[in-house]
Each structure stands twice: as C-alpha cells, then as structure tokens.
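Peer 1: Take a look at this one; I'll ask things after.
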Amino acid sequence: MRFNVLTGNAFGWPLRKFLRDLPQDYIGTMSKVQARHGDLVHWRMFAGMVNLAFISDSTLNRELFVRNTDALGKSPSQIQTFLFAAGQSVATAHGEAWRTKRKEANNLFSRSAVEASCAGQVAVTQDYITGLPATPQQALTIARRLAAVTSSRGILGRAISLEEAAKQIAFSKAAADRFNVESGQLFARPDWMQAPWRGELTRRKNEVFPIVQNAVDALRASNAPNDGLMNHYVNGDFITSNDDEMHSILVGLLMGAQDNIAAAAAWVLAFLAQHPDLQNQIRTELSQKGSQASDLHGCALLNATLCEVLRMRPPAPANQPRVLQKRVELAGHQLPKGTYVFNSFYNMHRDPAVFTDPDRFDPTRFLDGTLVRSPSFAPFGHGPRNCVAQGMAMQQLMAIIAGSLRHHRLETNQQTLPAITQMPFLTPAPFEVTFRKIT
Ligand code: HEM
C-alpha cells in the first residue's frame, strides 16, 4: 500500500475553498478525496510548505495513532476553542502533561466507577419516555434530552429536571457549533480573542455551573456517597486544587458527554424505529434481566445492535484533524513535520473486505465478538489517545436502549432512514417517532 502524492490544485479545489468546505462536510470531503485518489493521499502544496495527508486505511491509522501518539498535535484553533469552552483537560494536553491527565481520567472512567450508575440511567430514561405523549415527537429533541438526563445521572449521580437539561443542551450546542468550524480551521485565528460567539458560549456555560454547584453542595450536605463519577472528586480521590477547578472539570464532562451521545441515541432511534422485529427481540432479551451493568452486558443482541449503529453512523466520523509535531514515516513514505492529518472511521467502517455488504444494517454480524475487535471498527478512535470514556458511552447508550424499549414500542412514519447531517457529529436529519406504551 503506497501514498498517492498529489501536488498543486489536486482535488479541483483551491486550498481556500477546500478549507472552507472541510468543516462543513468533513466526511463528504474525505469520501470524495478517497474515492478519487485512494485510501492514502499526501497533498503537497507550495513546494512542500503546506502538506495534508488523508488516511482511511485501518492498519496505517492504527499504526499512526498507536506508535506515534506523541507526534499527533491538535491544531491551535481546536485547542483555543476547547480551552475556552471547558478549560484545561485531558483533551487539550500534550506529551507528559497529557499522560498524567490521561492516567487520572482512566481512573475516573474505571469500570466499577462507571457501572455504579447504570440502573439509575435506565430509570431516568424510563421516566422520560413514560412522560412523552403517544403522538409523533421530534426524535432529535428526545435524543438530546436522553443524553442530558443520562449523562447527568452518570456524572453528577442525580436526576436533573428538563429545564436543567435544556441548559446543558444549549451550552453543548454553543460549544459544538464552534468546534465544527474550528476543527477544520487549520491555523490559529488572529481575531480569536474578539470573536463574537465567545459571549454566547460564556453565557450558556454560566447557566450550567449552578447545576453542578448545587449537585456538589447537595452531595456534601447529605454526608453519604452517591453513585456518580462526581463522588470521586468530592471524596478527594483526585488532585483538584479547589472547588472552582472541580466545577470546571464537571461542566467539561457534561459537555463532553452531550452531543456525541445525543447523535448516537438519535441514530439508535432511527434504526430501531425501522426494525420492529429487532425491538421485540431486544425486549425479550431484556425481559430476563435487570438494569445493572452486568445485566445489560449480558444482552448479546442489545450490544450487537449498538455496535452496528456505531459502525454505520459513527457519531464522531473521524479523529479531530492532527498536525504532526515531527516527521513520521508511514508505509515507507515520509510525512513532514507540520503535515495536517485527516482520517475517516466512516470510510473504514464501510470496507467490504471486513464488513460484508457494508450498507446493510445487520446487528448479527457483531454477535460472535470478532468484528468488535477488528482494527477497521473504531467508533471511539485508535490507540492510547482514543475515547477515554468509551466504556461509559457504551453503557449509557445501552441504558438508553433498555429504558426506551422495556415498556414501549417505537414507531415512525418514515419509510427510510433519515439523511446524514454533520454538526460536527454525524446526526440524522429531523424525523419523528412515537413511543407507545405496551400494555
Ligand atoms: C458515542 C459517544 C462518543 C463517541 C463516538 C466518542 C468518540 C471519541 C473519539 C473518536 C475520540 C478521539 C478523538 C481524537 O483523537 O481526535 C474521543 C476522545 C475523547 N472523548 Fe469521546 N466519544 C464519546 C463519548 C464521550 C463521553 C461520554 C465523554 C466524557 C464524558 C468523552 C470524552 C472524551 C475525551 C476526554 C477524549 C479525549 C481523550 C484524550 O485526549 O486522551 N467521550 N472520543
């Protein structure tokens, strides 16, 4: 496998137009590049002053993200936006600083810490679904609210009201709108400090802080632990110098757990609504089980369905673009320092050599547990810098499915799956669903 080296105005896009298109339609742009020029493309411009690499080969992606983790910096504009929205975190750190923060984050998202709130997440999902009228409702609104109530239940250890959920959703949307633009914005913006969107994001963020502060105060006043991740910070299990830092971390977590989970939940609703038989099979599986994490992990079809949804519609269709901090050799080809690297899980997930008939929705392909370990299946990224909250995200989504289906049937008037939009997570175009109570 060799890199296809292109020079000049190689894609029929002048660089400026390309940089404008990329944040609007990351997967569309990647797919076009890959369809025309193959799985490995190195675009050299201005006599090598600007270099872009596009990689949709799973083996090389893994090699890059596992063996060269420290070489993969994020672009200054992404970091600026992350810092502004959520403060210093594992997502903004690099090198040694990142390793320290990642260790702490791995502990925070340890299996036992994450699993403690599973039954609570199923319960808040069930409460929300039971409260819905049995008439067609916007699926995206349902998905966003489910993400907010289950994330808060897992992180803060308590149920939040729909009013609080709305604040969490608005904050995450204000941040995600920026990431979408800034992720494709490869160079730091000189006018960043004056950017008008900063006011809106600050206002939205300030609406979420009181939710977190109240949860911390209530936990301290109760003198008893709760089952949320927050408990570990309040207990002093991690080095947080003061309450302000702890509040920022928790607000950052709520943001990190909102839009990607909402996008995945929306696709879960879209696929399940099209497949009533599958709903019945999952419901039968659930009828033998409780709502603890061990119960849900024991539901093979539930797990397989979730994997198939994440394969066909990975909420994060790619890593955030990376900029090489040093020269990297890949497939015998030298990518110079400063190269911007783009990859695509979306393309990898459609490799017919790995996923037979890749456009067919078939959860059973994941049942024997082989494909979930394939390097071509990477909805949470590759290597040591993959999603630190993968376990929590999977559990939360399983809780959402279990809480939605146990006592309800999901229906839609849509004949086909909704179209894909990118904002920046892959999200279905608006569609309606009806939840009917099973009597
Ligand atoms: C379906 C849901 C989710 C998906 C598809 C997803 C996907 C990803 C991917 C692909 C990455 C790697 C990004 C890159 O390297 O450029 C990542 C990183 C990360 N994710 Fe997730 N994620 C999900 C849920 C969550 C949740 C719930 C949280 C937190 C509560 C979270 C926190 C993070 C953090 C902090 C990182 C950065 C890790 C590091 O830099 O070491 N994610 N996620």
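Peer 1: With angles folded into 0 to 90 degrees, how steeply does helix 15-24 sit against the dominant principal axis of the chain? Use alpha carbons for both and round to 10.
Peer 2: That helix lies at roughly 10 degrees to the long axis.
Peer 1: Here's something else I'd like to know. Compute, for the chain, the length of the dipole vector about the Cα centre, with Cβ point charges of +1 (Lys, Arg) and -1 (Asp, Glu) only. Units Debye, rounded to 20.
Peer 2: Details: 45 positive and 36 negative charges, 177 e Å.
So the dipole magnitude of the chain works out to roughly 840 debye.
Peer 1: Note down the Stokes-Einstein diffusion coefficient of region 1-133 in µm²/s, whole number, using a Kirkwood radius over alpha carbon pairs, 20 °C, and 1.002 mPa s.
Peer 2: Values: Rh = 18.8 Å.
This corresponds to a translational diffusion coefficient of 114 µm²/s.
Peer 1: Would you be so kind as to identify which of Ala318, Ala113, Thr150 lies farthest towards the positive end of the dipole of the chain, taking Lys and Arg as +1 and Asp and Glu as -1 on Cβ and the Cα centre as origin?
Peer 2: It is Ala318.
Peer 1: Then there is this: Considering the options Ala221, Met45, Phe377, tell which one lies farthest towards the positive end of the dipole of region 4-437, charges being +1 on Lys and Arg and -1 on Asp and Glu at the Cβ, about the Cα centre.
Peer 2: Projecting each Cα onto the dipole axis, the largest value belongs to Met45.
Peer 1: Further question: About its Cα centre, what dipole magnitude does region 55-160 give when the only charges are +1 on Lys and Arg Cβ and -1 on Asp and Glu Cβ, stated in debye to the nearest 20? Provide the component values of the computation, followed by the final result.
Peer 2: Numbers: 12 positive and 7 negative charges, 30 e Å.
Dipole magnitude for region 55-160 comes out near 140 debye.
Peer 1: Treating the angle as unsigned and between 0 and 90°, give the value, to the nearest 10°, between the Cα long axis of helix 26-37 and the longest Cα principal axis of the chain.
Peer 2: 40 degrees
Peer 1: Between Arg360 and Glu200, what length comes free when the chain is fully extended (0.36 nm per residue of separation minus the Cα-Cα distance, one decimal in nm)?
Peer 2: That pair, Arg360 and Glu200, stretches by 53.4 nm at full extension.
Peer 1: Mind pulling the angle between the C-alpha long axis of helix 276-287 and the longest principal axis of the chain? Nearest 10 degrees, somewhere in 0 to 90.
Peer 2: The angle comes out at about 60 degrees.
Peer 1: Still on this structure, please answer the following. When DSSP assigns beta bridges and you keep just the ones with both residues in region 4-437, what percent turn out antiparallel, to the nearest 5? Could the numbers behind the result be given before it?
Peer 2: Numbers: 23 of 31 bridges.
Among the beta bridges of region 4-437, antiparallel pairing accounts for roughly 75 percent.
Peer 1: Under a GNM of the chain (C-alpha, springs under 10 Å), which listed residue has the highest mean-square fluctuation: Asn260, Asn347, Asn223?
Peer 2: Answer for the Gaussian network model of the chain: Asn223.
Peer 1: Same structure, new question: What full-extension length gain, to one decimal in nm, is calculated for Arg67 and Asn223 as 0.36 nm per residue of separation minus the Cα-Cα distance? Intermediate values should be presented prior to the final figure.
Peer 2: On the way: separation 156, 0.36 × 156 = 56.16 nm, distance 4.56 nm.
Length gained, Arg67 through Asn223: 51.6 nm.
Peer 1: Something else: List the lysines whose Cα sits under 24 Å from the Cα of Lys167, skipping any in the same chain fewer than 8 residues away.
Peer 2: Once the sequence-local lysines are set aside, what remains near Lys167 is Lys205.
Peer 1: Quick one: among Gly332, Gly154, Gly28, which has the greatest mean-square fluctuation in a GNM of the chain with alpha-carbon springs under 10 angstrom?
Peer 2: Gly332
Peer 1: Separate question: If R₀ is 41 angstrom, what is the calculated FRET efficiency for the pair Phe46 and Ser374, using the beta carbon separation as r and rounding to 0.05? Spell out each step's value before the answer.
Peer 2: On the way: r = 38 Å, r/R0 = 0.94.
E(calc), rounded to 0.05, equals 0.60.
Peer 1: Still on this model: What 222 nm value per residue comes from the helices of the chain, counting each DSSP H run with n ≥ 4 as -39,500 (n - 2.57) and dividing by all residues, nearest 500 deg cm²/dmol?
Peer 2: Working: 18 runs with 225 residues, N = 439.
The helix contribution divided over the chain gives -16000 deg cm²/dmol.
Peer 1: Order Ser56, Ser161, most accessible first, counting only protein heavy atoms with a 1.4 angstrom probe.
Peer 2: Values: Ser56 10, Ser161 50 Å².
Largest accessible area first, the list is Ser161, Ser56.
Peer 1: Quote the relative contact order of region 106-174 in percent (integer), defining contacts as alpha-carbon pairs under 8 Å separated by 6+ residues. If you can, show how the numbers build up before the last one.
Peer 2: Values: 39 pairs, mean separation 22.5, N = 69.
Result for region 106-174 is 33 percent.
Peer 1: What's the magnitude of the charge dipole for region 61-101 around its Cα centre, counting Lys and Arg as +1 and Asp and Glu as -1 at the beta-carbon? Answer in Debye, nearest 20. Let's see the in-between values first.
Peer 2: Working: 5 positive and 3 negative charges, 17 e Å.
So the magnitude is around 80 debye.
Peer 1: Before anything else, pin down the relative contact order of the chain: Cα pairs under 8 Å, at least 6 apart, normalised by residue count, whole percent.
Peer 2: Values: 716 pairs, mean separation 115.9, N = 439.
So the answer I get is 26 percent.
Peer 1: Here's a follow-up. On average, how much area does the Cα convex hull of the chain cover when viewed from any direction, in nm²? Show your work: numbers first, answer last.
Peer 2: Details: hull surface 84.4 nm².
Average of the hull's projected areas for the chain equals 21.1 nm².
Peer 1: On average, how much accessible surface per residue is there in the chain, in Å², for a 1.4 Å probe, leaving out ligands, DNA and RNA?
Peer 2: Result: 42 Å² of accessible area for each residue.
Peer 1: Hey, in the GNM for the chain with a 10 angstrom Cα cutoff, which one of Ala47, Ala215, Ala176 fluctuates hardest?
Peer 2: Ala47
Peer 1: Could you tell me which of Phe431, Asn343, Pro418 has its Cα farthest along the dipole of region 4-437 towards the positive end, charges placed at Cβ (Lys, Arg +1; Asp, Glu -1), taken about the Cα centre?
Peer 2: Asn343
Peer 1: Another one. May I ask you to list the aspartates and glutamates whose Cα is less than 20 Å away from that of Lys32, ignoring any residue fewer than eight positions away on the same chain?
Peer 2: Within the straight-line cut-off, Lys32 pairs with Asp21, Asp57, Asp351, Asp359.
Peer 1: How far apart, in nm, are two points set 7 Å out from the Cα along the Cα-to-Cβ line at Lys337 and at Asp25?
Peer 2: So the label points at Lys337 and Asp25 sit 3.7 nm apart.
The values are calculated or read from the model by the stated rules, or taken from the named source; none is laboratory data. All values derive from a computational prediction rather than experimental measurement. Backbone-built Cβ (ideal geometry, glycine too); neighbour counts: all protein chains shown. When the accessible area is computed, the model is the full protein with side chains, heavy atoms only, and any ligands, DNA or RNA have been set aside. Shrake-Rupley method; radii C 1.70, N 1.55, O 1.52, S 1.80 Å.
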